Amino acid sequence: MLAFRKIFNFYIQSSIHVGFAVFCLVQLSVQQWSSYSFLVLFGTIVGYNFLKYSEWFFTHQFFRIQYIGILVVTLISVLGFFWFFLQQNTTVQLHILFAFGLVVLYPFVRKIGWLKPFYVSFVVSYITLFVPLKSDVDVIVLFVQRFLLLSSVMIPFEILDSSKDAVAMKTLPHCFGIARTKQIGYGLIGLFCITSFQTLSIHYPYFIYALSSLIAIYFSHEKRSWYYTSFWVESLPIFWLLVLLFFK
C-alpha cells in the first residue's frame, strides 16, 4: 500500500497527471490522434515542472533521491517535446513559442493574485483549442467557452491555496472571501452554459462538463487535501473526454 502511494504521489508530483489532463483537452478539440496532442502532453510536463521546481533545478538539492525521478521524467519530456515540435509546421511552432513566452511570464503574473486563474485558463485554452483549430469566428466562440469552463475549474485551486498564498497577492478568496469566490465560479459556469446553448454544440456533454465543474467548486474549501485539486479536479478533462466519446 505504501509503495502504491509513493508511485501515485510521483505520478502527480512529476506532472504526468496534469500532462494527460491537458492532452485530453486537445483531444476534446480535435477528436483525433495527432502529433500535436503529444507535443502538448510533453510540453505540459516540462512547463509545469519548470514552474514548480525551477528553484531546485539549479541547486544541488534537486539531485536528492526524491527529485531524481522528476528530473528523469522532465528530461524525457524535453526530448519528446522537441521530437514532436519538429514535426509541426512553422505556424504551429510560432504559436508554441509564443505560448512558451506566456509560461515564462507566469511567475510575474502570479503576483497579481486575482488575475492568476484567468491567465492560466487563457494560456491552456490557447494551446488546447485555438492553436489546433486555427482562427475563425466559430473557434473564437469555442475559445470563449473553453476559457470560461477552465476558469471555473481554477476556483478550487484558488480556494485551496488561499491559506498559503500571501494576503498581499490579493487572490480571489482574499478579495471576496470563499463563499463569493465560489459564486464567481458558478457565474463562470452559467456563462459557459449560455454561450454553449447559443451554438450548435452537442448539449449533453456540455451539460455534464458544467455539472462536474459545479460539483468540484461546491465541495472545495481551504482545508481540503491537495489530492482533491491535484488529482480529482485535474482529472476533469479526462472525464470530459470520456463523456464526449460516450455521446459521440
As straight-line cross-link partners of K111, the qualifying lysines (C-alpha separation under 26 Å, not fewer than 8 residues apart within one chain) are K52, K164, K170, K182, K223
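Where the accessible area of the chain is counted over protein heavy atoms with a 1.4 Å probe, how much of it, in %, is carbon and sulfur?
Working: 9850 of 13510 Å².
Carbon with sulfur: 73 percent of the solvent-accessible area.
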Checked the stretch 79-215 against the a/c 1.5 cut and the a/b vs b/c comparison, axes a ≥ b ≥ c from its Cα gyration tensor; verdict oblate
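Quick one: accessible area per residue over the chain, 1.4 Å probe, rounded to a whole number of Å²?
Values: 13510 Å² over 248 residues.
With the other protein chains kept in place, the chain gives 54 Å² per residue.
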Those helices of the chain passing the 15 Å axial Cα length cut-off and the mean Kyte-Doolittle cut-off of 0.5 (DSSP H runs only) are 2-13, 16-30, 35-57, 65-85, 90-109, 137-161, 172-197, 203-218, 236-247
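For the chain, what does the helix formula give at 222 nm: sum of -39500 (n - 2.57) over DSSP H segments with n ≥ 4, over the residue count, nearest 500 deg cm²/dmol? Intermediate results must be reported in sequence, preceding the final value.
Details: 10 runs with 180 residues, N = 248.
Result for the chain: -24500 deg cm²/dmol, rounded to the nearest 500.
The values are calculated or read from the model by the stated rules, or taken from the named source; none is laboratory data. Quick caveat, the model's predicted, so the values are computed rather than measured. With ligands, DNA and RNA removed, areas are computed over all heavy atoms of the protein, side chains included. Shrake-Rupley method; radii C 1.70, N 1.55, O 1.52, S 1.80 Å.
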